[in-house]
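Note sheet for the following structure.
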Amino acid sequence: MGKFDHDAVLRARVLLLGSGRLRPLEEVHAYRVLAEVSPKAYLPKLVDALLSMSYRSRDPEVDLTLTAEAVEAARRIHAGAPARAERLRRALDAYQRALFALGRRAEGRAACEEMAEAGQSRRLAEVLAEEGRFREAAKLNEKAVRNGGPEHSFWDMVEWAANLEGAGLRDEASAVFGELLDRTRREAAGQRTAAAILTWELVHHSRMREAAGHAAEAAAGRREALTVLEELATTGEQKEWSSILGWWVTLFALSGRADEPAASAESPMPPFGTDLRRSSATRVSFLGTQPGLEAEAEALRGAGPLPELVDVQRRISIRAAIRDGDHPYRFEERFTPYFDEGVALARRLPDDPVRLARALTDRSMFLVAARTFEPAYADFAEAVALVDAR
């Protein structure tokens, strides 16, 4: 055994045994000292204390220092120790977030790769999607889904389908999303999920089939969605559902991915198809473009081409939804102006039924989220008529 500063060890033990509440830095220092003497007992506590301190920090550089130390401490825990893997995963997760926050993308990706090797691949799939590496991301999604239980969440399946579609594998993407849709149909029939969610999924799937060149299947999906909406307009939801706005936000944002710049390692984009309400460096950067788009829209309102204004207005609406579209307080009041303007602008394009149908569909799905079903049905019925008449 090496030499230790016995006075420091004694002070650390006394500090931890004291009746007063320790400051985070005091606790970390004590565990640092004791981890050298009794690593089996104190390395796990050091990891926890470092991570707890990093969560309280508001300084990215401090976060990086604390989480890097936490990773090293977690690696030093004996391989057979209880909860070692979980502590290392938590430390790596905090470390990669600190790295990405500082723009150190390659190092952050490496930390995510280590997490994936330990069986936690979700974050690596997101990072790959942020860089436009959709095929690689989709392979990770497939492995996670197929190696799990018989059914997976909305979030698992939408992310997988989104990455397949991003890779240009449109039929494969539709098949994956179709699995989710079939399950949602069964659950909605048994009143185990909201009819609103079924409507959003039907509309999104019809968009996917249209983009893949399967017009007949897309039309069938729209008609089914219209039937569900008609029932909602007549009877409303059969049960009260809460906290479903995230479903709408995710699919609305994903529907606009093709209108955004292509993702790359040099210019990463948010991982569309995931829950973009969660904080990340790419989310912050993406939302930071909204003032520039609003300035562009203002200039286009003056003398610019109207189709471009319609498209820019939609991109603004998507950012607004990502920013706080899951907050129910005054939801309809806050978002109605975005969608009303989108429809009003598109109506000024009599020779562009595609843009008008898209704007009406967007407003309809928003109104479903706002539980205003009769106007939602009217908008979507008009959109379907426009598309079918082409």
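Between Glu107 and Arg23, the modelled labels are 2.7 nm apart [label points 7 Å from Cα along Cα→Cβ]. Compared with the dominant principal axis of the Cα atoms in the chain, helix 195-211 is inclined by about 80°. Straight-distance candidates among the aspartates and glutamates for linking to Lys143, with alpha-carbon spacing under 12 Å and chain neighbours fewer than 8 residues away dropped: Asp156. Using a simple spin-label model with pseudo-atoms 7 Å out from Cα toward Cβ, Glu136 and Arg347 lie 4.8 nm apart.
Here the extension length gained between Gln290 and Glu210 equals 25.9 nm, from 0.36 nm per residue of separation less the Cα-Cα distance. Kirkwood radius, the chain, all distinct C-alpha pairs, inverse of mean reciprocal distance: 23.5 Å. The aspartates and glutamates within cross-link reach of Lys239, meaning a Cα-to-Cα straight distance under 13 Å and a gap of 8 or more places when in the same chain, are Glu187.
Grab the beta carbon distance between Ala262 and Glu72, set R0 = 51 Å, and tell me the FRET efficiency rounded to 0.05. Rounded to the nearest 0.05, the efficiency is 0.85. What the Kirkwood sum gives for segment 143-263 is a hydrodynamic radius of 15.0 Å, with every pair of different alpha carbons counted. Under a Gaussian network description of the chain, with springs only between Cα atoms under 10 Å, the residue in Pro328, Pro307, Pro261 that fluctuates furthest is Pro261. Rounded to the nearest 10 degrees, what's the angle between the helix 6-17 long axis and the longest principal axis of the chain, both from Cα atoms, 0 to 90? It works out to around 50 degrees. Could you please report the charge total around Leu43, scoring K, R as +1 and D, E as -1 over all other residues with beta-carbon less than 11 angstrom from its beta-carbon? Computed value for this residue: +4.
Available extension along the chain between Thr65 and Trp241 is 59.1 nm, counting 0.36 nm per residue and deducting the alpha carbon span.
Straight Cα distances below 19 angstrom link Lys45 to the aspartates and glutamates Glu26, Glu27, Glu36, Asp63, Glu69, Glu72, Glu86, Asp93, with same-chain residues fewer than 8 positions distant left out. Across segment 216-268, how large is the tail of the calculated P(r) beyond 18 Å, expressed as a percent of all Cα pairs? Roughly 62 percent, rounded to a whole number.
Relative to the longest principal axis of the Cα atoms of the chain, the long axis of helix 353-369 lies at roughly 60 degrees. When each of the peptides 104-114, 346-356 is scored by the mean number of other C-beta atoms lying within 10 Å of its residues, the order from highest to lowest reads 104-114, 346-356.
Read the figures in this text as sums done on the coordinates, not as results from a lab. Being a predicted model, the structure only gives us computed values, none of them experimental. A quick note on method: Cβ atoms are made from the backbone with ideal geometry, for glycine too, and the neighbour counts reach across all protein chains shown.
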